[in-house]
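Please find one structure pasted underneath; my questions will follow.
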Amino acid sequence: MIQSNQPLAQSVIQLCKSHNIQHVVISPGSRNAPLTIGFTNHDFFECFSIVDERSAGFFALGMAQQLQQPVALVCTSGSALVNYFPAVTEAFYSRIPLVVISADRPEHLINIGDGQTITQPHIFGTHILFEANLKEHFKKPFLKAVQTNDILIDKALQISKSESGPVHINVPFSEPLYETTEKFTNVSNPMNVKIKKTSFSLSKTNIKKWHSSTRKMILVGVNPPGSVLDKYLKLIAQDPSVIVFTETTSNLHHPNFFASIDQLITPLDATDFEALQPDLLLTFGGMIVSKKIKTFLRTNPPKTHWHIDEVFANDTFFCLTKHFKCSVNTFFKQLKSSASPLVSSYFETWNHVKTRRLQKHTEYLKSISFSDFKAFDRILKQIPNDSMVQSSNSSTIRYLQLFELNPTLTVFCNRGTSGIDGSTSTAIGAALISKQPTVFITGDLSFFYDSNALWNNYIPSSFRIIIINNRGGGIFRILPGNKNSENFSTFVETNHTLTAEPISKLFDLEYASANSTDELDAALEDFYKQSSRPKLLEVFTPSSENDRILLSYFDFVK
């Protein structure tokens, strides 16, 4: 087996293998040649070449999102590493395991004017879980240096897995960079320290508090599909004192759950808010999309807020009282009780409101002209069963929140930092791992911003892209402010006349477009049929009407 003769590269390769980190995304370069040689010539690793480091970072993030295991990123020295930063911050806040492995110049060449050189240690600041800044072996007595570096690498890899987040391993290499050997010259001794998990026990006081609360609200953020057992979902769904708010990215479904939070909350008045205010709020999962529920709970805080997570708890609503460090299934297993159900009208009251809202929702869709709102309705009804939906941010994910989706779909979105950068790259990485037919729904700005994502040899032929092209940042027209000035259209909304057709031709995608309801329905008939190439459907909607139709919706469903 051909390997780099650089001992540091051999340590990284051996320890990644010992931690079962199999997927490696490499961006071409020279300083990282020892790592590239090691990973690509080892039959354990599956390697992917992505030229653009920003895209590579999100591509790896999409892979790790689906694997729920660390994926390694390898780049050369200098600004290449900085291009990982958006994906690293997303991984940090979305709790996705990434292992960033950066090649670096040797220490004596830093900050002397040498090319392709920056100060790489500590570059990600507080946005990583651990940093391993390695030293070349000839700088210290050989065996001691090997042991010190191996401890750092091993710890980084272990933390990325156990705490689910990004870590950074910075590896300096002196020239020559391309010399090889057919055997490992450095035998690493991985420790694979196991993180001890403390046992969890729900106190009798907390159990009693739960069963005595007559108004309990469960709010679920970003959540992996299938992570909560059905028996516990049924248990909470049958409790008359519980209402369960699920977001599109929660991937939880039950007829008694409230799937369209903004649809329910936006039309409420002060009296309604008082009636909705919970005694006890229970949250689990990642980031919350709905601004309305955040505002509501911050303005009308519950007396008790519990959050379930094995590692971390955000005090999103400024009223967190208890963090239960356990899995959701462990929590509900211990909470399960034969206690008689409480007499409560909490669920019944709000389920009646939900039913009325859904009726009005259907009526409204029949009354409106072609727009973003109408397009999303048509698109979501046509997605094949058991597909994965990847969503970009801003308008796209917020429109998805207004519809009750097919429960066989799984939905993902980069909600850690909620940025538009990297959405397409993430979706492609996720599709590659998932093997499910994948539909990526995106806005025009998100798509054009990350168009380098299509410079990628790994896009499955079943991959489908739907662009809602309203010729700018349509979400900004929904927000308060003067929308009629030239400055607004240029510097906020960012008007444009671009179309994705030339990009589709450049990257060999099948292209179709729609400008009306009839054209969209016709295009969707062929869109999901089997093809040898990925497909892109661009839906043009009227930017002048979209904000009016959406804002009128909330008045209509009252």
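Taken together, the values in this text are just the output of simple stated rules run on the coordinates, not laboratory data. Quantities reported herein were computed from a predicted structural model and do not represent experimental measurements. So basically every Cβ, Gly included, is an ideal-geometry build from the backbone, and we count neighbours across all protein chains shown.
Rounded, prolate or oblate, given the Cα gyration tensor of region 3-181, with a/c below 1.5 counting as rounded?
Rounded.
Shifting gears a bit: Mind ranking 517-527, 10-20 by how tightly packed they are, going by the mean number of other C-beta atoms within 10 angstrom, highest first?
Top to bottom by mean Cβ count within 10 Å: 10-20, 517-527.
With each run of n ≥ 4 DSSP H residues scored as -39500 (n - 2.57), what mean residue ellipticity at 222 nm is computed for the chain after dividing by its residue count and rounding to the nearest 500 deg cm²/dmol?
Theoretical 222 nm ellipticity from helices: -11000 deg cm²/dmol.
Where does the charge balance sit around residue 361 when Lys and Arg score +1, Asp and Glu -1, over other residues with C-beta under 14 Å from its C-beta?
Cβ neighbours under 14 Å give a net charge of +3.
For residue 155, give me every one of the lysines with a C-alpha distance below 16 angstrom, ignoring sequence neighbours fewer than eight places off in its own chain.
Counting by Cα, and skipping residues close in sequence, residue 155 has these lysines nearby: 17, 135, 194, 196.
Something else now. Output the pairs from 161/322; 291/322; 336/360; 231/558 with a Cα-Cα distance over 27 Å in this structure; if there are none, say none.
In this structure, 336/360; 231/558 exceed 27 Å between Cα atoms.
Which one, 380, 490, 413, projects farthest toward the positive side of the charge dipole computed for region 368-556 from Cβ point charges (K/R +1, D/E -1)?
Farthest towards the positive end: 413.
Cross-chain or 8 or more residues apart, Cα under 25 Å: how many lysine pairs in region 368-556 fit that? Count them up, please.
Lysine pairs, 8 or more places apart or on different chains, close enough: 11.
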